[in-house]
1. Within the stretch 105-127, take every residue that is surrounded by 15 or more Cβ atoms within 10 Å (Cβ to Cβ) and touching an Asp or Glu at 6+ places or on another chain (Cβ under 7 Å) and give me the one that is farthest from Val56 (Cα to Cα).
2. Out of the stretch 52-73, which residues are closer than 16 Å to Arg116 by Cα, in a strand (DSSP E or B) and either in contact with a Gly (Cβ under 6 Å, 6 or more places away or on another chain) or of a type in the set (D, E, K, R) (or both)?
Amino acid sequence: MSDVENTEAPATEIEETPAASTTATGLAEPSAAEETAESSDAEGRENPRKVREGIVVSTSMDKTAVIESVDRVRHRRYAKTVQRNNKLFAHDENNDANVGDRVRIQETRPLSKKKRWRLVEIIERAR
């Protein structure tokens, strides 16, 4: 008899966890809980766009407001809180905003060369 006939390896039991079972390709299958989480994300996905608050600085352009947003950032080396100002160009469809208003803006697709934000609401009117 030849040695080729009896080359089976001893059977060993492999423990499979319910969260990650493997397929024939060796890749882990997502569990049922993960599949439902992924499918619900595709349907009712939360909007990951940034939302900022700021003060309207200029409204001289048509359907555009310039908003100054203040960010408080910790300095890397000195660990001091520093204020940084950004001027953001926001789309104001109805020209509702006036200079001095506190507004909330949201990130959107590029609308022009500098406009990447849109006016969501006017929080407080200028006095």
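The numbers here are math on the coordinates, done by the rules we state, and not lab data. Because the structure is a prediction, the values reported are computed rather than measured. Neighbour counts are summed over all protein chains in view; Cβ atoms, including those assigned to glycine, are modelled from backbone coordinates with ideal geometry.
1. Arg116
2. If the condition is that a residue be closer than 16 Å to Arg116 by Cα, in a strand (DSSP E or B) and either in contact with a Gly (Cβ under 6 Å, 6 or more places away or on another chain) or of a type in the set (D, E, K, R) (or both), then Arg52, Glu53, Ile67, Glu68, Ser69 are the ones that fit.
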